[in-house]
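Scroll down for the structure; my scribbles are underneath it.
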Amino acid sequence: MLLLTGATGMVGTPLLRRLVAARVPVRCLVRDPKRLGPERVRVQIALGDLTDPPSFRNALRGVKTVVHLAGAIRDQSVGSIEELNGIATWRMVQAAERAGVEHFVYLSALGAGSHNRTRYLRAKALAEQAVTDSGLRHTVVAPSLVYAPGDYWATLIGRLALAPVVPLPGGSHSRSQPIWSEDVADCLMAIIRAPADPDVASARYELAGPDTLSSAEVAHTILRAAGRERAVVSVPTFIASRALRVAEALAKSRTPVTWDEAELLQVAMTSRHGTAQAEALGVVPQRMAAVLGTA
């Protein structure tokens with residue numbers, strides 16, 4: 001039995017589709033089973049979430065592999081970025097050790113580090129440490145910017161494109177190597193299928209797409225895909241930070257973008273390995289422009 005968290009997310013959705021097609025017995029830890037769509041009748045359901053550690057015990061019963069994708073890039077009413085990424089993963093790891101799990105697969109992020117400027121990537125680093133310090137056989141997967149047609153960032157930039165110019169909060173020069181969520185799911189499937197391989201167990205894979213793009217170039221690619229060519233204007237950090245924090249204070253959880261999310265656009269998410277580690281798993285990542293139909 002495999003336990004999947006984050007099954008309704010950008011990577012979890014295509015991964016669950018692959019697991020079901022491969023007839024892998026799957027249990028999903030979810031708050032709302034309806035969000036699983038048609039797959040909900042093909043998997044076991046464990047009700048719970050990252051803020052409910054007692055639910056981990058039931059979810060992990062009889063589980064040999066955990067694929068932990070769930071996390072958050074903004075504070076939620078139920079917990080902070082640190083709680084929903086770092087602390088929740090630490091608790092999940094502890095519960096997995098007690099349950100006798102044989103392989104723990106964790107989805108981190110390129111750039112995760114204890115001294116990173118962003119809360120999200122610092123929290124991811126704490127989560128990684130909890131995984132690697134455990135007694136579990138583990139694999140850490142650290143992708144660059146993960147995207148999919150119609151995802152959160154595409155929707156946000158599409159809304160901003162209603163204006164004559166698209167403001168890019170906090171700058172536009174940091175670089176990433178965007179990788180399609182479907183390619184990340186393929187990499188995870190390769191890892192799940194080879195748990196006993198010593199080159200897979202206790203390894204860290206940096207997953208990157210074939211193009212190295214600035215934040216502005218990513219925005220332009222998304223705009224072209226939406227048929228909304230616009231100029232992209234960089235908003236200075238101090239202005240973007242203050243404006244977004246005021247918006248958060250006023251709109252609370254309804255704010256379209258938080259400063260913590262916007263600040264991620266200022267952080268480099270590149271790997272010196274390029275696509276090599278994805279290719280080592282048998283996956284050749286596609287170009288962002290090809291996936292979005294702008295090539």
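Among Ile87, Ile81, which comes first, then next, by fewest other beta-carbon atoms within 10 Å?
Ile87, Ile81
I'd like the trypsin sites (Lys or Arg not before Pro) in the stretch 204-295 restricted to DSSP loop residues with at most 10 other Cβ atoms within 10 Å, sorted by number.
Numbers: sites: Arg204, Arg224, Arg228, Arg230, Arg242, Arg245, Lys252, Arg254, Arg272, Arg287; in loops: Arg228, Arg230, Arg272, Arg287.
Here the sparse-neighbourhood loop sites are Arg272.
Straight distance only, please: which lysines reach the Cα of Lys252 with their own Cα at less than 30 Å, same-chain residues fewer than 8 apart left out?
The qualifying lysines are Lys34, Lys124.
Which order results if Asp133, Asp260 are arranged by neighbouring Cβ count within 10 Å, fewest first?
Details: Asp133 11, Asp260 19.
By the 10 Å Cβ count, ascending: Asp133, Asp260.
Please list, by residue number, every one of the GluC sites (Glu not before Pro) in the stretch 200-295 that is coil in DSSP and has at most 11 other beta-carbon atoms within 10 Å.
Working: sites: Glu206, Glu217, Glu229, Glu248, Glu261, Glu263, Glu279; in loops: Glu229.
Answer in residue order: Glu229.
If you split all Cα-Cα distances of the stretch 144-295 into 10 Å bins from zero, what percentages do you get per bin, shortest first?
11, 35, 31, 17, 6, 0
With the calculation restricted to Cα positions, what are the radius of gyration and Dmax of the stretch 1-108 in angstrom?
Rg then Dmax for the stretch 1-108, in Å: 12.8, 36.
Compute log10 of I(q)/I(0) for the stretch 69-130 with the Debye formula, placing one identical point scatterer on every Cα and leaving out solvent, at q = 0.30 Å⁻¹, to two decimals.
Log10 I(q)/I(0), no solvent term: -1.27.
Go ahead and collect, in residue order, the members of the stretch 43-57 whose backbone nitrogen is under 20 Å from a label point 7 Å along the Cα-Cβ direction of Lys252.
Inside the label zone: 51.
With a 10 Å radius around each residue's Cβ, average the other Cβ atoms per peptide and rank 99-106, 36-43, 158-165, highest first.
Working: 99-106: 19.9, 36-43: 14.8, 158-165: 13.2.
Descending packing order for the listed peptides: 99-106, 36-43, 158-165.
With +1 assigned to the C-beta of every Lys and Arg and -1 to the C-beta of every Asp and Glu, and no other charges, what is the dipole magnitude of the chain about the Cα centre in debye, to the nearest 20?
Numbers: 33 positive and 26 negative charges, 134 e Å.
Taking the Cα centre of the chain as origin, the dipole is about 640 debye.
What is the calculated FRET efficiency for Gln94 to Thr155, with r their C-beta to C-beta distance and R₀ = 35 Å, to the nearest 0.05? Please list the in-between numbers first.
Numbers: r = 36 Å, r/R0 = 1.03.
In this case the efficiency is close to 0.45.
Bear in mind these aren't lab numbers, they're just calculated from the coordinates by the rules spelled out. Remember, predicted model here, so these are calculated numbers, not experimental data. With ideal geometry, Cβ positions are generated from the backbone for all residues, glycine too; neighbour counts draw on all protein chains shown.
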